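Scroll down for the structure; my scribbles are underneath it.
Derivation of every value follows stated rules applied to the coordinates shown; laboratory data play no part. Note that the structure is predicted; figures quoted are calculated from it, not measured. Here the Cβ is made from the backbone with ideal geometry for all residues, glycine too, and neighbour counts use every protein chain on show.
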Amino acid sequence: MHICILELLLGTGLRVSEMVNLNLNDVVFSDTKGFIRILGKGMVNRTLPVNQNVEIAIKEYLKVRKETNSNRLLIGQRGALGRGAVEIMLKNYGKKLGIDITPHMLRHTVGYRLVKKNTPMTTIQQILGHESILTRTFIPKLRSKIKRMH
């Protein structure tokens, strides 16, 4: 399950609350593509394509997913996985590596990668589920920081 969580966070840029609230029917795979449906912040729906790594991680996790009546995708020892469990998991990995890791840091990593690839601002906004005003301030600052680094 940990690999699935990491791939979901790093491969989609989901907020941790969006990820733990995913239901089984929010994840769709066909022969040609896969995607997830998200009910995001402010009750706004969006659909995100998933890359091959995310798809493989989800499919592998589903093979060993605990039997339950819950429709939630991610199931822990006591039922549907919560935000706190993900935060603790990442904190523990961070301790082993000697660094701080939070779900939001992984979300920022996705944003950073998209900016570095010169992804259009509107696309980044859609992927991350940001309101336009946040994107207008965050993305230009990040682009400027990347230019200074190179």
Stretchable slack from residue 93 to residue 126, in nm (0.36 nm times residue separation minus alpha-carbon distance): 8.9 nm
By how many nm would the segment from residue 117 to residue 78 lengthen if fully extended, with 0.36 nm per residue of separation less the alpha-carbon distance? 10.0 nm
Could you give the Stokes-Einstein D for segment 2-149 in µm² per second, using the C-alpha Kirkwood radius, 10 °C, 1.306 mPa s? 98
With charges only on Cβ, +1 for K and R and -1 for D and E, what is the dipole size of the chain about its Cα centre, in debye, rounded to 20? 620
Counting pairs of alpha carbon atoms under 8 Å apart in space and at least six apart in sequence, what relative contact order in percent does the chain give? 26
Rounded Å value of the spacing that divides the Cα centres of segment 1-49 and segment 66-94: 15
What ranking, highest mean first, results for peptides 110-123, 12-25 when packing means the other Cβ atoms within 10 Å averaged over each residue? 12-25, 110-123
